[in-house]
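Heads up: the structure comes next, in C-alpha cells.
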Amino acid sequence: GTLPGATMRAAWFATPLSRPTAPVAPSFTQKSRFRGRQTAVPSRHTPPPGVSSSMSGDLPITSTSGRDLPMAQAPPTTTLPRKVWTVTKTGSLAGLRLDDDVIAAPGPGEVRITVKAVGLNFADVFSVLGLYQATPPTPFVPGLELCGVVESIGVPREDLPSGTVVPTYSVGDAVMAVVRFGGYATCVNAPVHQTRPVPGGWSFEQGAGFLVQGLTAFYALKGLGDVRPGQKVLIHSAAGGCGGFGVGICTAIGAHPIPVVGSDTKKKVLMQRFPEIPTNEIIVRPKKGKLFGAMVKDSVRAIAARLNTPETDMETASACDIVMDATMGDFFKGGWDNLSTGGGRYVVYGAADLTPTGDLSVWDVKGWAKLAFKYLKRPFVDPTNLPGTNKSVMGFNLIWMFHKHVVLGELLHGLLQLNLDAPAVGETFAFADAPKALRRFQSGATTGKCVLTVGEQE
C-alpha cells in the first residue's frame, strides 16, 4: 500500500541511518587510476578465547591498494553452506525466517568470515519494519556488524583509492567487520578494508559491538562536534551502545559528559561503568520533555561549580558545547536552549521518539496515525536565526562513510587510538532467537550492546 506523504517522511526521519544510496564498495569491475602507498598502522591484536594460538601477536595493517594481502596458493573457489535470517516481508518481526543458504567464495578484496557474534543496531529494527529507505527489496538479510574468524581470503583488489587501510590477515585470525546488510548469517563475505583485528583481550561478543556504534559516536563527537578537552557534552541514551561510546570518548579526550539515561536502573549501570562521573551530573530523563531543560541547566552548573568557575563567569559556563542526540521529540528543546552561543553544535543521528514500540504493518492505521502525530509535532529550528544564536544543527548518516574508504580508515584509526575499554555487552541471545532479541532491543529497556551468538552447530 502507499503511505501518506507526512507519514512516510516520519518513517524516514525516525531512521538512525537514513536515506543512504552509496554501495559498500565500488564495483569490482571499476578501473582505478590510483596506485597504493604503504603506511604502517599499529595493531592491538591478540586472539579471543578459543582461537588458535597461531593468531597471537600483531597483525600488520597497511594503507595500500590491496596487493600485499596474503593468499593461499590459489584463490578460494569453494562454496559453503550457512544459515541466514531472511526478511521475507517488512512490517513485522514475523517476517523474519531462518533459512539454509550457500555462500560463494570470497571475491576480490574480501575475506570470508565464520561468524561468532552479530551486533544488533536500530537500523536492523527499522529495516525489518520497512522504515529504512536503504533497505534492499525483500527477501534480504539484515545486519550491519559481526565478529568471527577468517575462513578464507580472496584475491587482492587493485582499484582501491590510495590511502585505503587494508588489514593483512591469515586464515584463522579473529576479525570484526561492518557490512551493508547481510550480517545475520553464520558465514559472511566482507570487504577487507571494512574489517579490523579484534583488539587484545576482547571477546567475539565485544568485537561485534564496536565498529558501528563506536564509529557513530566518534564521528558525531570528533568528526562533526570537534570535541575538545574541557568542553561539556550532553549525551542522550548514555546507557546504550552509541551513548556509552560517547561517554567513553569524552572522558578519554578530557571533555565533561552529561549522560542522559531513561531510568534509575540505567543510571546505576552507567555509574558502574563510569564511576568517575558525579551522580548529580547524570540526568534521568523525565517523562515530560518540558522538565528536561531545567535538568540540563542544573547538570551543567554542577560541572561549572566542580571546576571552580568564578561566579562572574557562571552564566557563560553554564551551557553545553555539544549535544549528541538520537532521541529528539520533546527533549530536543531542553538541549537546544542550553547549547552554547559560543559555537555550540547539536549533532543528530537518530530520532528514537519516532520509533514504533511494536510491529507496524501497512494496515496498522492506529500505529501510523500515532507516528504521523509525533512527526507533525517534531521540533523545528529556523536556519535564518542560526547566525544570530551562533549555534548549529548537524545530522549524519554513518552508512555514507562505507564508500569513503580513506575517510573510514582515518575515523577507525582515530577511534582505536583512544584505547577505549571494550564495549559493554548488555544481553546476548542465541542466533536462532534473532526475532526475540530484536523485540527486546526494540523495547528500549536494554543497556549496553545486544548481541547474537553463533554456536558451533549453527
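The values are calculated or read from the model by the stated rules, or taken from the named source; none is laboratory data. Remember, predicted model here, so these are calculated numbers, not experimental data. In this analysis, Cβ positions are derived from the backbone assuming ideal geometry, glycine residues included, and neighbour counts consider all displayed protein chains. Accessible surface areas use protein heavy atoms only, side chains included; no ligands, DNA or RNA. Shrake-Rupley method; radii C 1.70, N 1.55, O 1.52, S 1.80 Å.
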**Item:** Electrostatic dipole magnitude of segment 219-360 [Cβ: Lys, Arg +1; Asp, Glu -1; Cα centre; debye, to 20]
**Value:** 260 debye
**Item:** Vicinal HN-Hα couplings computed from phi for segment 167-180 (Karplus, 6.51 cos²θ - 1.76 cosθ + 1.60; Hz; Gly/Pro x)
**Value:** x, 10, 10, 10, 4, x, 6, 8, 9, 10, 9, 10, 10, 9
**Asked** Considering amide H positions built from the backbone, and no H for Pro or chain starts, which residues 5 or more places from residue 429, or on another chain, come under 5 Å of its amide H?
**Response** 451, 452, 453
**Request:** Give the peptides 212-224, 114-126 in descending order of average Cβ contacts within 10 Å, highest first.
**Result:** 114-126, 212-224
**Fill in**
Surrounding charge for residue 178, neighbours by C-beta under 12 angstrom, Lys/Arg +1, Asp/Glu -1, total +1
**Asked** With point charges of +1 on the Cβ of Lys and Arg and -1 on the Cβ of Asp and Glu, referenced to the Cα centre of segment 119-185, which listed residue (150, 133, 177) lies farthest in the positive direction of the dipole?
**Response** 133
**Request:** Could you point to the residue in 432, 401, 419 farthest towards the positive end of segment 379-458's charge dipole, with +1 and -1 charges on the Cβ of Lys/Arg and Asp/Glu respectively?
**Result:** 401
**Fill in**
Note, residue 192: beta-carbon cut-off 9 Å, +1 each Lys/Arg, -1 each Asp/Glu, net 0
**Prompt:** Antiparallel DSSP bridges in segment 144-275: what percent, to the nearest 5?
**Reply:** 65 percent
**Prompt:** Can you give the percent of C-alpha pairs in segment 117-182 whose distance is more than 20 Å?
**Reply:** 46 percent
**Prompt:** Which residues does a label at residue 458 reach in segment 137-159, if reach means a backbone N under 18 Å from a point 7 Å past the Cα toward the Cβ?
**Reply:** 141-151
**Prompt:** Hey, what did segment 83-125 get for relative contact order, percent, Cα under 8 Å, at least 6 apart?
**Reply:** 27 percent
**Asked** Per-residue accessible area for residue 295 at 1.4 Å probe radius, Å² rounded to 10?
**Response** 60 Å²
**Prompt:** How many nm is it between the label spots at residue 312 and residue 445, if each spot is 7 Å from the Cα in line with the beta carbon?
**Reply:** 5.4 nm
**Message:** Quick check: at a probe of 1.4 Å, how many percent of the accessible area of segment 372-458 sits on carbon and sulfur atoms?
**Reply:** 54 percent
**Item:** Dipole moment magnitude, nearest 20 debye, segment 83-208 about Cα centre, only Lys, Arg, Asp, Glu C-beta charged
**Value:** 200 debye
**Item:** Under-5 Å amide H pairs with residue 86, H placed in peptide plane, nonlocal only
**Value:** 97, 98, 99
**Item:** Pairs of Cα atoms farther than 18 Å apart, segment 148-239, %
**Value:** 56 percent
**Message:** Heavy atoms only, 1.4 Å probe, whole protein assembly: order 158, 110, 456 by accessible area, highest first.
**Reply:** 456, 158, 110
